[in-house]
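> Here's a structure for you.
The values are calculated or read from the model by the stated rules, or taken from the named source; none is laboratory data. A quick note: this is a predicted structure, and the numbers were derived from the prediction, not measured. No Cβ is skipped: glycine too gets one built from the backbone with ideal geometry, and neighbour counts run over all protein chains shown. Calculation scope for accessible area: heavy atoms of the full protein, side chains included, ligands and nucleic acids excluded. Shrake-Rupley method; radii C 1.70, N 1.55, O 1.52, S 1.80 Å.
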Amino acid sequence: SIMDKNMMKGIIIGFMVITIGACSSLGNLIPNKFDNVEYGSLVRLGVIAENTKECNETLIITAWGESAFLEKYAKYTMNETSQKIYVRINDLVEELKDREDPTPAYCRIKWGNISKVVEEALSVSGSRQK
């Protein structure tokens with residue numbers, strides 16, 4: 001009957017919605033595989049952050065280019081957990097980039113914070129299945 005067909009369609013659609021929702025949640029639990037593009041960009045950013053203490057505008061802009069790249073790249077290639085790491089890194093670099101007349105102490109502390117988060121991300125990224 002028509003009622004049974006409509007009820008069956010409703011059950012199937014409901015099941016599909018639940019399944020799709022569960023799959024998208026589970027996708028965040030599946031670890032990303034090793035990605036040499038991500039890792040290379042992280043290494044470049046890490047070298048800058050680890051070895052820079054001063055308020056060098058060229059290095060700040062270079063670091064921002066890497067962090068903005070990583071955030072955008074992660075948005076379309078990685079799970080939500082990884083994306084959040086790159087948003088966090090880019091936020092730190094943008095704070096440094098956008099600071100007007102930063103003091104040497106501010107730059108030293110900010111580079112240290114950036115370096116710490118990048119090292120954590122390198123550890124995670126480097127340990128992924130290759």
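> For the range 95-104, take each phi angle, set θ = phi - 60°, evaluate the Karplus expression 6.51 cos²θ - 1.76 cosθ + 1.60, and give the result in whole Hz per residue in order, putting x for glycine and proline.
4, 5, 5, 8, 5, 7, 6, x, 7, x
> Taking 7 Å along the Cα-to-C-beta vector as the label spot, tell me the THR81-LYS53 distance in nanometres, rounded to one decimal.
Rounded to a tenth, the inter-label distance reads 3.6 nm.
> What ranking of VAL124, VAL118 comes out by heavy-atom accessible area, probe 1.4 Å, highest first?
VAL124, VAL118
> Between ALA68 and ASP101, what is 0.36 nm times their sequence separation minus the Cα-Cα distance? Round to one decimal in nm.
That pair, ALA68 and ASP101, stretches by 9.7 nm at full extension.
> Excluding ligands, DNA and RNA, what is the solvent-accessible area per residue of the range 42-119 at a probe of 1.4 Å, expressed in Å²?
With the other protein chains kept in place, the range 42-119 gives 57 Å² per residue.
> How much length, in nm to one decimal, is gained on full extension between GLU94 and VAL43, taken as 0.36 nm per residue of separation minus their Cα-Cα distance?
Fully extending the segment from GLU94 to VAL43 adds 16.5 nm.
> Quick one: net charge of GLY112's neighbours, Cβ under 10 Å, K/R +1, D/E -1?
Around GLY112, the charge tally is +3.
> Straight distance only, please: which aspartates and glutamates reach the Cα of LYS72 with their own Cα at less than 12 Å, same-chain residues fewer than 8 apart left out?
The reachable aspartates and glutamates, counting only those whose Cα sits under 12 Å from LYS72, are GLU38.
> Another one. In whole percent, how big is the carbon plus sulfur part of the accessible area of the range 39-107, probe 1.4 Å, protein atoms only?
The nonpolar share, carbon plus sulfur, comes to 53 percent.
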